[in-house]
Amino acid sequence: MFEEKGSELPDFLVAVYRHFELQYPKFHKMDYLSKLGWLANEILLQDVFDKEKYKPEDIGIVLSNANSSLDTDIKYYETTKTIASPAQFVYTLPNIVIGEISIRHHFKGENAFFIAEAFDAGFMEQYIGNLINNNILQCCICGWVDVLDKNYNATLFLIEKDKSANSVNFTKENLTKIYQLQNG
Amino acid sequence: MDKLMSDLKTQIIAQLNLQDTKPEDIGDDQPLFVEGLGLDSIDALELIVLLQQQYKIKLSNAEDGPKVFKTVRTMAEYITAHQPQNA
């Protein structure tokens with residue numbers, strides 16, 4: 001879909017932003033974790049997602065990663081040696097990326113961010129399945145968004161209660177298969 | 001004053017990561033917040049940091065913030081009046 005060979009994460013993020021001709025000035029103020037998750041979500045939802053089908057409260061976000069907000073925590077800690085940066089401080093929680101996505105699309109449903117050593121498809125199936133089966137959510141964006149130094153990875157899934165033409169069943173096996181396909 | 005206002009515009013863009021904004025896009029008397037440049041409360045804190053880092057000025061009274069950070073011109077006037085060497 002998009003390739004920027006040899007670029008470091010900051011350049012890659014800006015290149016993706018420009019490639020998809022996105023217009024959102026606040027993007028430039030986000031930390032790398034939020035930029036990565038925000039961009040991945042833009043790409044996930046483009047063309048295929050009709051949010052008009054749902055009430056804002058019906059659309060949730062459940063994300064996970066291994067390094068929490070550590071990438072930004074370290075950068076913020078460095079600023080505290082001189083003058084602490086408020087703009088860095090506000091990103092010293094991993095779930096801020098969920099907030100940025102929610103603000104962008106006016107999603108108001110249940111959300112959570114979990115820290116785990118690796119993407120846990122079984123946990124996602126159980127947790128999100130519970131939210132959907134109990135009518136807490138009709139739709140959920142879920143997946144893995146992780147950044148630490150030069151390493152980064154974002155793999156997102158769109159889970160909808162109602163099946164569409166090209167959808168696959170929401171199972172641990174399918175999540176695992178797609179995740180592995182994307183990540184080798 | 002003109003040189004200081006020009007410097008401030010460049011510094012504001014860098015400090016606040018306003019990557020789609022050029023110095024010439026910011027008017028001397030254009031409101032920085034809400035209807036003008038659209039800055040928010042975190043940006044206000046970053047402007048306080050900018051004053052400290054670039055001009056060694058600490059905003060002594062937080063209630064002065066809205067007046068000081070109203071426009072680039074009001075910031076320049078405050079800096080001119082409060083720079084340590086002018087104290």
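Computed from the coordinates by the stated procedures, all read-outs in this text should not be read as laboratory data. Note that the coordinates shown come from a computational prediction; the quantities given were computed from them, not determined experimentally. All Cβ positions, glycine included, derive from the backbone under ideal geometry; neighbour counts span all protein chains shown.
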Rounded to the nearest 10 degrees, the helix B:41-55 long axis (Cα) sits at an angle to the longest Cα principal axis of chain B of 50 degrees
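Sorted from fewest to most neighbouring beta carbons within 10 Å, what does the list A:L33, B:L39 look like? Before the final figure, lay out the partial values.
On the way: A:L33 28, B:L39 18.
Ascending number of Cβ neighbours within 10 Å: B:L39, A:L33.
Starting with the fewest neighbours, write out A:I96, A:I61 ranked by other beta-carbon atoms found within 10 Å of each beta-carbon. All intermediate terms of the calculation are to be shown ahead of the outcome.
On the way: A:I96 19, A:I61 26.
Final ranking by Cβ density, sparse to dense: A:I96, A:I61.
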Return the average number of partner chain Cβ atoms within 10 angstrom of each residue Cβ along peptide B:45-55. 2
Kindly state, to the nearest 0.05, the FRET efficiency for B:K3 paired with A:E8, given R0 = 35 Å and r defined as their beta-carbon distance. 0.50
Can you sort A:H19, A:H105 so the residue with the fewest Cβ neighbours within 10 Å comes first? A:H19, A:H105
Name the most mobile residue of A:S102, A:S167, A:S34, meaning the one with the largest mean-square fluctuation, in a Gaussian network model of chain A with Cα contacts below 10 Å. A:S167
Inter-probe distance in nm under a simple model that places probes 7 Å from Cα toward Cβ, at A:K150 and A:K81: 2.1 nm
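Can you give the calculated 222 nm mean residue ellipticity of chain A, where each DSSP H run of n ≥ 4 adds -39,500 (n - 2.57) and the sum is split over every residue, rounded to the nearest 500 deg cm²/dmol?
Details: 7 runs with 74 residues, N = 184.
Using -39500 (n - 2.57) per qualifying helix, the result is -12000 deg cm²/dmol.
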Taking a ≥ b ≥ c as the square roots of the Cα gyration tensor eigenvalues, with a/c under 1.5 meaning rounded and otherwise prolate when a/b beats b/c, else oblate, which class fits region A:36-93? prolate
Give me the distance in nm between label points sitting 7 Å out from Cα along the Cα-to-Cβ direction at B:D29 and A:I136, one decimal. 5.5 nm
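Quick one: length gained pulling A:Y24 to A:N169 fully straight, 0.36 nm per residue minus the C-alpha distance? It would help to have the intermediate numbers written out before the result.
On the way: separation 145, 0.36 × 145 = 52.20 nm, distance 3.33 nm.
Going from the current span to full extension adds 48.9 nm.
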May I ask which of A:K53/A:K108; A:K29/A:K51; A:K81/B:K56; A:K26/B:K22; A:K29/A:K75 have a Cα-Cα span longer than 18 Å here? A:K29/A:K51
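Calculate the FRET efficiency for A:V48 and A:A112 from the Cβ-Cβ distance with a Förster distance of 25 Å, rounded to the nearest 0.05.
Here the calculated transfer efficiency is 0.60.
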